[in-house]
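First the structure, in the form of structure tokens, and then the observations on it.
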Amino acid sequence: MKFPSEVRTTYSEIGIGDYFDGACPCCPAPDLKIRSSRIRTVPDLGSPLEKRIARIKVVTFECKSCGTQFTPEHPEYPPKFEYSLAILKYALDCYYQYNLSGTAIARILHDLHQVDVPVDTVNSWIKLLSAAYFKARPAKISQPDSSPPKTVTVDGTFTSVGREIIGKKKHVDLLSVTSTKSGTYLLTWSRKKTSPMPPRSWSS
């Protein structure tokens with residue numbers, strides 16, 4: 001079996017009609033005129049051999065009836081984030097469901113999904129989006145208690161307590177302290193040599 005080694009880049013074209021019904025949000029009038037338009041390029045979840053990019057048509061309209069100007073937002077590509085909602089959710093799933101650190105999440109996104117995200121960006125998602133993430137989760141999945149913290153992780157880049165980032169540290173061994181249901185704490189210490197991410201070839 002010969003495994004392919006080159007990564008291909010695929011694009012999905014998303015027109016304004018794919019996520020906007022054409023009506024003014026302030027009045028029922030469908031009589032609109034375009035004020036401006038542009039193409040927004042957003043990384044999406046790919047695979048080890050495919051890098052996926054979404055190209056979204058972003059249009060600013062003006063209602064001819066009430067004069068309101070507005071720009072429809074695609075729910076899967078939040079305008080204030082440079083990555084798709086799928087990537088944001090994937091990172092938070094890794095953090096809360098699989099107890100991975102920001103550094104590990106960034107490495108997995110890079111190696112398995114062809115998405116390059118700085119570790120600091122992943123950590124900022126954890127701080128900013130955790131409340132909304134748990135609000136959308138099934139009732140059986142509860143939000144971690146903040147006192148005492150369920151997990152403390154030192155992975156060489158940052159120290160986290162629950163959802164809060166305490167500060168950056170130098171590269172050290174991986175230390176994990178986890179609270180069990182019985183009230184005891186499980187201490188795990190593992191040596192992990194940090195290495196730069198391997199280079200890869202790109203094709204478009």
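Taking N as the residue count of the range 7-70, its C-alpha radius of gyration divided by 2.2 N^0.38 Å amounts to 1.47.
Count Lys and Arg as plus one, Asp and Glu as minus one, and take only other residues whose Cβ is under 15 Å from that of Ser37; the net charge is then +2. Under 5 Å from the amide H of Leu100 lie the amide H atoms of Tyr95, each residue being 5 or more positions distant or on a separate chain, with H modelled from the backbone and absent for Pro and chain starts. Remark on Ala54: its backbone amide H falls under 5 Å from those of Ser12, Val42, Asp44, a criterion applied only to residues 5 or more positions apart or on other chains, H modelled at 1.01 Å from N.
Distance check, please: which entries in Lys33/Lys64; Lys57/Lys80; Lys80/Lys135 exceed 18 angstrom between their Cα atoms?
Values: Lys33/Lys64 7 Å; Lys57/Lys80 16 Å; Lys80/Lys135 20 Å.
Checking Cα-Cα distances, Lys80/Lys135 exceed 18 Å.
Where a number appears in this text, it was derived from the coordinates with a stated rule and is not lab data. Quick caveat: nothing in here was measured; it's all calculated off a predicted structure. Don't worry about glycine lacking a Cβ; one is built from the backbone with ideal geometry, like all the others, and counts go over all protein chains shown.
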